[in-house]
Amino acid sequence: MLLIRCPYCEEERPELEFAGAGEAHIARPANMSDISDEDFEAFFFIRENQKGIVFERWRHIHGCGRFFNAARHSVSDKFIVTYKAGEPKPELTDEQIAAVAGATGKSGK
Amino acid sequence: MSFTPPPAAYRVAGKGRLSPAKTVSFTFDGRRYSALEGDTVASALLAHGVHLVGRSFKYHRPRGILSSGPEEPNALLDVARDATRRQPNVRATTQEVFDGLIATSQNRWPSLALDVGAVNDAFARFFPAGFYYKTFMWPRTAWERLYEPVIRRAAGLGTAPTEPDPDRYANRFAHCDLLVIGGGPAGLAAALAGAKAGLDVIVCDENAQFGGSLLAESRAQIDGEPAGRWAETMADQLRAMANVRLLPRTTAFAYHAQNMVSLAERITDHMAAPDTDAPRERLWQVRAERVVLATGAIERQLVFADNDRPGVMLASAAREYLNHYGVAVGRKIGVYTACDSAYAAAFDLAEAGSEIVAIVDARDNPDSALLARANDLGVKVLTAHAVTGTTGRRRVRSMTVEPMHQSVRRKVEIDALLVCGGWTPSAHLFSQSRGKLAYDAANGRFLPDAPAQNCVCVGSCNGTDDLAGAIAEGAAAAGGEAKVDVAEAPSMTGHLIGAAKGAGVGTTSKAFIDYQNDVTAKDIRLAVREGMHSIEHVKRYTTTGMATDQGKMSNLHALAIAAEALDAEIPQVGLTTFRAPYTPVTFGTFVNHARGPLFDPTRRTPMHAWAQRNGAVFEDVGHWKRAWYFPRGAEDMGEAVNRECATTRQVAGIFDASTLGKIEVVGPDAVAFMNLMYTNPWDKLAVGRCRYGIMCREDGYIYDDGVVGRLAQDRFHVTTTTGGAPRVLNMMEDYLQTEFPDWKVWLTSVSEQWAVIAVNGPKAREIIEPLVKGIDMSGEAMPHMSVREGTICGVPTRLMRMSFTGELGFEINVPADYGATVWDAVWARGERMGMTPYGTEAMHVMRAEKGYIIVGQDTDGTVTPHDAGLSWAIGKKKTDFVGIRGLARPDLVASGRRQLVGLKTKDPNIVLEEGAQVVADPNQAVPMTMIGHVTSSYWSQVLGHSIAMALIEGGHERMGETLYVPMANETIAVDVCDPVFYDPDGGRLDG
């Protein structure tokens, strides 16, 4: 079970309190009824779903109820950062990405 | 009846930690045996010279006790406390004896000593690896009827209990700074260092006593103290500290993400008379800042011919049986080893009075100090020799010894054979944590390498074999320091993985790798010959390592033999993935409290008790219990529903609609928000009026529906389907928070705040009106689709005039706490006037008679408002709502879409089956072209014929067409019609 930091509650809470809500930073077009089929396809159907760093939405549904965004590594499942809805997509440093990419360092001896 | 069990002939006076004063007794296969408190079933049986305890899985070969711990692949017993507390496949090596324990051997018939299934052993050459895949292919139907039942009876281990488990299981979450897994020397040192630094520490160990490998020690000294005593002192010190929690008999079985580890604590399984309030087991879900894995190492057997006879045992196990339990596993003992550690077992047993017939060492030059000590004790060591066979049916009687490089065979009589092929570090949990392992070729083992989480491996699981080093490493892992003087600790040097002499390429002997699944060295080679080149394939083909022991002793041997057959290096062949659980965990521990009524929450309305008292039959709708129908006398469901419908339409009916989802949408931007979320236009909905709303997803398909009342300019009372409330609120919150965060709108779930009493029928107004204050309920003042606030029976109400039956209808919303009282008052008046209660079935029939849809029954996530005949509910002038663009997609505006229509059977008495497929031409060849399906179907008493709704391709254009519903025994002709069957003009809405 993951620990997820809710950027509104400002603390880590168990995954049980959260619900995933798909890919982040897909803005609903303001002129919805005017967009082309291709634009609608891109908005509604097409998702990155990539191996590696993903930006995704979560809702603290059994907590404060707020939607927020997260940057997470889809292989190691590790979070880099969570941030409030509406905040810009964070620029991730190489160190941040390396830190969640998988096994690191040497154990014990 | 008094019966004195025979004395334990193999118990050695003065050895071990158990008190001879504390005796208990138990039975094994019906015979009574004595034991000492603290014995495992295995140690107690060995004390009586009982080695034969089971039959193997496939060949039914006699099997004995191989180990003294959780890695045990052979000694699996059925252990019972009483008639209802019985558990199969319990490892005799970990089950502590309690007074009255009933142990029974498994997988044998008619008895353990005489087993008919053992004929499989004689025909073993007909059961090679992959046997089942190859043999039971044809005919396909025989698999279910013949092969599987026979195989299941012949193979397999214990039998599952048939009675419900009467025990209780508990569950606890815990957080700590430091979780130490394993209470051996390294783990104890880590725990104490952490505790002294002020950390919150949890230490768990699967055994009853802390000490790990030190429990088997006889000679080693730590700081001048016997090692076992040192461990006890350490444990006592920890026990006395307030920031330490010691969990004995607790197995860490799964390592999850972010340092969460699941532990199974066995609380009562060792007690003769447990407190009836005590849980049997407790699941701990521990979140630790840092995890120290001090999980030790597991000794391996050697792979040679007939290495599975009862009496063949791991050397370390024999040592633990002697030094901890005070049991000598034999009197004439052979030792076959490739590792120094077996010598310690031999020396201890020799000193305890057993004859060590010979130590057969596969190596050319074992440590000279060991040879010198053997010489002192008069123990013969045969270096560069091998054991190439054994005899003995129920217990090993001899071993065949050969020099490594010649074939001169010598048979030596023995009654036990200790084996040691070296040690496999227990990297299971480390690997589960996604840490990487690296191959240590010099010592033939995989060791923890890069961790993926904040965890540190210490001691022998990390390849640190020397005792002082392990203790120092443990302390360092917790940020401390421990320098101890260690004397006479056993050497762990030496290993042999893969086939030993006589079991190599080209041999046909049965040299077992995986005892529990009966996999031999030659099975692995066969798998490789037949094309399995990855260890994952070899594993699945041969089933090696796939038994409940998960190959704790066998995996490395299998890997080495496969590597040899493939002429590849071990790391290239790969390592199979370690998966949770480390050892089997009972279902009770996982299921925990979630049984019976606690399995899933049940939601009941405030009027539930009334419905119960009045004979309602309930149905489950989501988590809700809803009154389905109210049979009177001997009525069946159909009769009850017909009566409820008829009475409601002629007089009145009362219905509990409290389960409807209710959301209050409030704020200056509430109307804009409603315009966004629903297809309908809301600007012109006057305060005090209601409207039926449809909610779509962005793709244009119907998501939910419900009646919405406008209480004020800035306040809407929104209802949703019973099951849809949470997802509708979630979707609303999603748009509000993430797309329109500046809008001033607040959403509140009020589903459980309002009880809803629906009264429908011509007399509905007459029944309610006298109870209501502050609302003019006349038809002129309160037309259909209105909402008013006032009081009923003195209780505040939101009274809605609306109808889901087509009759004059009111829905009385009152605060939930008053629901039952107001219901009683309405019922008291209505009953006198001939009103009936009706359930969900009658509600379904009456709404279908009116062609009202139920989202999720008449729609399925691919139905648009247009398809459902609800185009009128879409605001034509709106420039935006959720789904507006989706509805304009080419496929959604194409002709030929499935559209909702009514169906009338030509024979009015036939009620169609819901879900039945509809075709245009009943005479076409099978498979027919299906053009739609029936979504709702009922008998309509008021109309005197059956009615149905269906989604039919181009349905709206097919009015009057005859279509067909082909069923197994008949083809039913139907006419397509408008789905509004009853009162199409709606005149009855006014009573």
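Every number here is computed from the coordinates shown, using simple stated rules; none is lab data. Computed from a predicted structure; not experimentally measured. Backbone-built Cβ (ideal geometry, glycine too); neighbour counts: all protein chains shown.
Based on the Kirkwood radius over alpha-carbon pairs, what value in µm²/s does the Stokes-Einstein equation return for the translational diffusion coefficient of the range A:1-107 at 37 °C and 0.692 mPa s? Rounded, D is 216 µm²/s. Of all DSSP-defined beta bridges confined to the protein assembly as shown, some 75% are antiparallel rather than parallel.
Applying the Karplus relation 6.51 cos²θ - 1.76 cosθ + 1.60 with θ = phi - 60° to the range B:326-335 yields 3J(HN,Hα) values of x, 10, 8, 7, x, 10, 10, 10, x, 10 Hz, where x marks Gly and Pro. Taking amide H as placed 1.01 Å from N in the peptide plane, B:Gln899 has its amide H under 5 Å from the amide H of B:Ile952, B:Glu953, B:Gly954, B:Gly955, B:His956, each at least 5 places away in sequence or on another chain.
Each 10 Å bin, from zero up to the one with the longest distance, holds this percent of the alpha carbon pairs of the range B:895-990: 17, 50, 26, 6, 1, 0.
What order do you get for B:Lys332, B:Lys501, B:Lys625, B:Lys877 when you list them from fewest to most C-beta neighbours inside 10 Å?
B:Lys877, B:Lys332, B:Lys625, B:Lys501
Amide H to amide H, with H built 1.01 Å from N, B:Ile931 comes under 5 Å of B:Val918, B:Val919, B:Ala920, counting only residues 5 or more places away or on other chains.
Round to a whole angstrom and tell me the spacing of the C-alpha centers of the range A:1-67 and the range B:246-293. That distance is 36 Å.
Considering only A:Phe67, A:Phe43, A:Phe55, the mean-square fluctuation computed in a Gaussian network model of chain A, springs between alpha carbons under 10 angstrom, is largest for A:Phe43.
Once a ≥ b ≥ c are taken as the square roots of the eigenvalues of the Cα gyration tensor of the range B:661-750, is the result rounded (a/c under 1.5), prolate (a/b larger than b/c) or oblate (a/b not larger than b/c)?
rounded
Each of B:Leu377, B:Leu46, B:Leu447 has some number of other Cβ atoms within 10 Å of its Cβ, and from fewest to most they run B:Leu377, B:Leu447, B:Leu46. Sorted into 10 angstrom bins from 0, the C-alpha pair distances of chain B split as 2, 10, 15, 16, 12, 11, 12, 12, 8, 3, 1, 0 percent. Here the Karplus relation 6.51 cos²θ - 1.76 cosθ + 1.60, evaluated at θ = phi - 60°, turns the backbone of the range B:715-720 into coupling constants of 9, 10, 9, 9, 10, 10 Hz, with x for every Gly and Pro. Karplus-derived 3J(HN,Hα) values for the range B:827-833, using 6.51 cos²θ - 1.76 cosθ + 1.60 with θ = phi - 60°, are 5, 4, 6, x, 4, 5, 9 Hz; glycine and proline are entered as x. Near the amide H of B:Tyr703, within less than 5 Å, lie the amide hydrogens of B:Met695, B:Cys696, B:Arg697, all on another chain or at least 5 residues away, with H placed in the peptide plane. Shown here is the pair-distance distribution of the range B:317-455: with all Cα-Cα distances grouped in 10 Å bins from zero up to the longest one, the shares run 11, 34, 28, 18, 8, 0 percent. Could you tell me whether the range B:676-718 comes out rounded, prolate or oblate from its Cα gyration tensor? Rule is a ≥ b ≥ c as square roots of the eigenvalues, rounded for a/c under 1.5, then prolate if a/b exceeds b/c, otherwise oblate. Judged from the Cα gyration tensor, the range B:676-718 comes out prolate (a/c at least 1.5, a/b above b/c).
Stretch B:Asp985-B:Ala441 to full length: gain in nm at 0.36 nm per residue minus the Cα-Cα span?
Contour length minus Cα-Cα distance gives 187.1 nm.
Would you mind working out the magnitude of the charge dipole of the protein assembly as shown relative to its Cα centre, with +1 at each Lys and Arg C-beta and -1 at each Asp and Glu C-beta, to the nearest 20 Debye? Don't skip to the end; give the middle numbers.
Details: 115 positive and 132 negative charges, 527 e Å.
In debye, rounded to 20, the protein assembly as shown gives about 2540.
Seen from every direction in turn and averaged, the convex hull around the alpha carbons of the protein assembly as shown projects onto 52.8 nm². Does a label point 7 Å from the Cα of B:Arg595, set along Cα-to-beta-carbon, have any residues of the range B:76-99 with amide nitrogen under 16 Å, and which are they? Backbone N within reach: B:81-88.
Judged by a Cβ-Cβ distance under 4.7 Å, the unpaired cysteines of chain A are A:Cys64.
Can you bin the range B:794-926 into rounded, prolate or oblate? Criterion: square roots of the alpha carbon gyration tensor eigenvalues sorted a ≥ b ≥ c, rounded for a/c under 1.5, prolate for a/b above b/c, oblate for the rest. Verdict is oblate for the range B:794-926. Computed over chain B, the per-residue total of -39500 (n - 2.57) for DSSP H runs of n ≥ 4 gives a 222 nm mean residue ellipticity of -5500 deg cm²/dmol, rounded to 500. Pairs with C-alpha atoms separated by more than 18 Å, drawn from the list A:Lys51/A:Lys78; B:Lys850/B:Lys906; B:Lys58/B:Lys510; B:Lys332/B:Lys501; B:Lys58/B:Lys539, are B:Lys850/B:Lys906; B:Lys332/B:Lys501. The range B:55-108 and the range B:949-979 have Cα centres spaced 63 Å apart.
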